[in-house]
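As structure tokens, the structure follows; a few thoughts come after it.
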Amino acid sequence: MHFKLFNADNISELHVKGVDHLIAQYIASGCQPFIANVDTKMSLLQYQGMTLPFSINNKEYESSYVCSPYNAFVSYGRDTLLASIPRVLRTPLKALINGLASPLKWMRINRCVQVNNRLWSTNLYPEQSDLPIHDMRQYFTKAYPKHALAFRSLTQSLNQTLITKLTSDGFILVPSRPVCMIDYRTPQPMSKKSSKNDRRHLNKTQFVLIEVEDIQYADELFTLYHKMFIQQHSKHNAQLTPLFFKTCIEQKAINIKALQNPQTGKLVAMLGLFIEGNVLTVPFSGYDTHLDKSFMLYPILNAIIAKECTDKALCCHASAGAMPFKKSRGGIEEMEYTAIYVKHLPWFRQYGWKILSKLSGAFFKEHTQ
């Protein structure tokens, strides 16, 4: 099978629009002007008219988890897990996670190529049956013989065919996080009392729902995102910059909706919607965390997502976090996996990934059964 590689040397030859243009900008200018805490090399693999972005890392331990496995298991993992467990368990769990740091660096966990990586928390896949996994594995292991090969964001409900092809070709499945799916192709989610309340809040809000199509809003989008996802949640989330939002608006890479105060013209909440096939995900969102909770901004954002999915008959990959909130709106929790290929690597790196898979499986035992 013929693959064509686009990297910094020849990316000017590729003329693409939308999200692929955003990736092309990462390749041409580097990622950090767009995502401040992401240090990785991006490239695009093209075959049969389809382009797949992939990231290439070596160490970069301070990079966000969207490209750094070390950050996912240690830095970001520590933040998210400690916030979700009883206080009495935090000290021993923190010691356990910190104890993984040196072994993970020893096994060179960050020397990794991640395929279909748009540097989002959730990467949706094209038609799974069309991905030539065996040929792709041979291509990448030849081109990057010292790197592990990874596919993130895999779930049984969305990627069963792809997971079967990957495991049949020798990939290891590493449980990564519990995520939530809300299937709006069925009437059940919208019949939930919580969903009805969300719609009522949307219909009654004093704020105006707008499509963000002007780059003048880039700084406001940045501020809303930063308040919610960086200041309130974790500095290890992708630190999107104003240039990222400006490029998204200019290239229509992601459909951005926002709530605007009609009196001041200021944005008070926003979200980005991205659709692949019949699945929608939200690469970013944010709201003014200083406003009173009585404005119900988070439920209103959920109502916007629900309407988009219902109107277009989509399933929503609702990612991780706020699980009780999502379940009360018809969400179903399931495990997300990263598929790793390491058979071409030295024994200690193979062994390290296998141990990590076992440890992660044991930790998420209730979700993987």
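Observations, loosely collected:
- Qualifying residue in segment 331-351 (condition: outside any helix (DSSP H, G or I) and within 20 Å of His201 (Cβ to Cβ)): yes
- The criterion of at least 1 residues that are modelled with pLDDT of 95 or more is met, among helices (runs of 4 or more DSSP H) falling completely within segment 62-179, by 133-143, 156-168.
- Tally of residues being surrounded by fewer than 23 Cβ atoms within 10 Å (Cβ to Cβ), of a type in the set (A, V, I, L, M) and closer than 22 Å to Cys248 by Cβ across segment 269-296: 5
- Unique residue being within 13 Å of Phe244 (Cα to Cα) and open to solvent by 20 Å² or more (accessible area, probe 1.4 Å) when the list is Gln48, Gln25: Gln25
- Close pairs from segment 93-113: first farther than 16 Å from Lys354 by Cβ, partner modelled with pLDDT under 90 and surrounded by 15 or more Cβ atoms within 10 Å (Cβ to Cβ), Cβ under 7 Å, at least 6 apart: Leu93/Leu81; Leu93/Leu82; Lys94/Arg78; Lys94/Leu82; Ile97/Val74; Ile97/Gly77; Ile97/Arg78; Ala101/Val74
- Per the listing Lys146, Lys142, the residue uniquely over 24 Å from Lys365 (Cα atoms) and without any contact (Cβ under 8 Å) to a residue 24 or more places away in the chain is Lys142.
- Search result, residues across segment 216-264 that are assigned to a helix (DSSP H, G or I), without any contact (Cβ under 8 Å) to a residue 60 or more places away in the chain, touching a strand residue (DSSP E or B) at 6+ places or on another chain (Cβ under 9 Å) and among the charged types (D, E, K, R): Glu220
- So Ala306, is it at pLDDT 95 or above and either assigned to a helix (DSSP H, G or I) or on the phi > 0 side of the Ramachandran plot (or both): yes
- Where a residue in segment 329-347 is free of Cβ contacts under 8 Å to residues at least 60 places away in the same chain and within 30 Å of Leu301 (Cβ to Cβ) and its partner, wherever it lies, is in a loop (DSSP other than H, G, I, E, B) and among the hydroxyl-bearing types (Ser, Thr, Tyr), with Cβ under 6 Å and at least six apart: none
- Any hit, segment 118-126, residues being open to solvent by less than 40 Å² (accessible area, probe 1.4 Å), under 21 Å from the mean Cα position of the chain (by Cα) and over 27 Å from Lys59 (Cα atoms): yes
- Lys204 vs. criteria under 18 Å from Cys309 (Cα atoms), among the charged types (D, E, K, R), without any contact (Cβ under 8 Å) to a residue 60 or more places away in the chain and open to solvent by 70 Å² or more (accessible area, probe 1.4 Å): no
- Subset of segment 321-366 (residues that are open to solvent by 50 Å² or more (accessible area, probe 1.4 Å) and either aromatic (Phe, Trp, Tyr) or more than 20 Å from Ala150 (Cβ to Cβ) (or both)): Pro324, Lys327, Ile332, Glu333, Trp347, Tyr351, Ala362, Phe363, Lys365, Glu366
The values are calculated or read from the model by the stated rules, or taken from the named source; none is laboratory data. Everything numeric in this text was worked out from a predicted model, so none of it was measured. All Cβ positions, even for glycine, are placed from backbone atoms using ideal geometry, and neighbour counts span all protein chains on display. These accessible areas exclude ligands, DNA and RNA; they are computed on the full protein's heavy atoms, side chains included. Shrake-Rupley method; radii C 1.70, N 1.55, O 1.52, S 1.80 Å.
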